[in-house]
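The structure appears right after this line, and notes come after that.
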Amino acid sequence: MTLMAENQSAVIQHLLSEVADLRERVVFLESELARIAEEPAPKVITLRTISREQAKYEIAEIFGETEAPLYYSDIMERLGIEPELVVEICQELLDEGVIGLDAYNAV
């Protein structure tokens with residue numbers, strides 16, 4: 001074989017190896033896409049812009065409606081209020097005695 005033929009053969013072998021690698025990647029990506037497609041869609045929470053006073057009123061109202069412990073995420077999802085504000089207001093309601101420690105323990 002001539003030097004040129006050897007070089008071409010090496011290039012072809014390299015390209016075949018690259019194609020095989022790309023095929024493996026495609027198979028992997030297809031399986032990942034299929035797995036992702038089977039997962040439930042993430043929950044989207046639309047946050048509202050409301051006053052602190054209104055948020056406090058609504059959070060206190062939720063605690064008044066249920067005896068079950070509430071989590072910050074429950075309140076945030078139900079009312080669409082910023083997580084930081086939910087935490088701050090729950091602490092205020094606890095400090096003010098509006099909600100009890102039992103309700104707050106789950107938060």
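The values are calculated or read from the model by the stated rules, or taken from the named source; none is laboratory data. All values reported here derive from a predicted model rather than from experimental measurement. Reconstructed Cβ throughout: ideal geometry from the backbone, glycine too, with neighbour counts over all protein chains shown.
List of remarks:
- Restricting attention to region 44-73, the residues that are closer than 15 Å to P83 by Cα and loosely packed, with under 10 Cβ neighbours inside 10 Å total 4.
- The residues of region 18-43 that are farther than 30 Å from G80 by Cβ and either touching a residue at least 12 places away in the same chain (Cβ under 8 Å) or within 23 Å of the chain's Cα centre (by Cα) (or both), listed by number, are L29, E30, S31, E32, L33, A34, R35.
- When region 37-58 is filtered for residues that are in contact with an Asp or Glu (Cβ under 9 Å, 6 or more places away or on another chain) and assigned to a helix (DSSP H, G or I), the ones remaining, listed by number, are R52, A55, K56.
- Residue that is modelled with the highest pLDDT [pool: residues in region 88-107 that are surrounded by 13 or more Cβ atoms within 10 Å (Cβ to Cβ) and farther than 17 Å from E53 by Cβ]: L94
- Of all residues in region 66-83, those that are under 16 Å from L94 (Cα atoms) and not in a loop (DSSP other than H, G, I, E, B) total 2.
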